[in-house]
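The values are calculated or read from the model by the stated rules, or taken from the named source; none is laboratory data. Nothing here was measured: the structure is a model prediction, and the numbers come from that model. Quick reminder, even Gly has a Cβ in these numbers, built from the backbone with ideal geometry, and neighbours come from all protein chains shown.
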Ligand SMILES: Cc1cc2nc3c(=O)[nH]c(=O)nc-3n(C[C@H](O)[C@H](O)[C@H](O)COP(=O)(O)O)c2cc1C
């Protein structure tokens with residue numbers, strides 16, 4: 001395939017199942033650690049809108065539960081502040097759709113690679129198997 005044919009194909013529309021995409025470009029999920037208090041914000045609306053010339057955007061890993069917020073400042077998609085009444089995720093999707101892109105959310109639970117200091121109060125580190133407790137000694 002020549003370069004110009006490949007380029008034409010890259011920028012031509014594509015149908016992904018029932019989702020018509022404006023081109024073949026897909027943005028992979030990238031954690032940016034910008035969601036202060038785990039709530040998406042204006043900076044994130046701008047970030048995704050700036051990249052919405054892609055066909056498909058997969059969001060940064062986003063926790064479906066407070067127990068999955070084990071990295072610093074990753075967003076969640078479970079509280080009223082994050083989703084209710086056209087709040088922040090709805091603002092992200094609206095801005096992205098306005099530029100013609102499709103957006104999928106990546107659900108990510110940090111499980112055993114969480115750090116307890118990143119978890120909100122009352123949240124717990126969870127893992128598919130029991131966590132081995134290794135006492136940490138200093139000095
Ligand atoms: C800054 C950064 C953050 C990333 N965050 C995520 C993430 O949240 N979820 C995920 O599945 N992959 C994440 N990745 C991996 C990318 O989605 C992608 O798979 C990878 O960078 C592309 O593949 P390559 O590096 O092998 O070329 C991240 C990568 C980078 C560079």
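A few points about this structure:
- Count of residues meeting criterion [more than 12 Å from the ligand (Cβ to nearest atom), touching a residue at least 60 places away in the same chain (Cβ under 8 Å) and within 12 Å of the chain's Cα centre (by Cα)] in the stretch 20-64: 1
- Strands (runs of 3 or more DSSP E) wholly inside the stretch 1-80 that include at least 3 residues being buried (at least 18 other Cβ atoms within 10 Å of the Cβ) and at pLDDT 95 or above: 56-62
- Residues that are within 25 Å of residue 53 (Cα to Cα) and not in a strand (DSSP E or B), drawn from the stretch 94-118: 94, 95, 96, 97, 98, 99, 100, 101, 108
- Pairing residues of the stretch 88-105 that are touching a residue at least 60 places away in the same chain (Cβ under 8 Å) with residues that are outside any loop (DSSP other than H, G, I, E, B), at Cβ distances under 7 Å and at least 6 apart in sequence or on separate chains, gives 101/56; 101/57; 102/19; 102/21; 102/56.
- Filter result (closer than 27 Å to residue 124 by Cβ and out of contact with any helix residue (DSSP H, G or I) (no Cβ under 8 Å at 6 or more places or on another chain)) within the stretch 38-61: 60, 61
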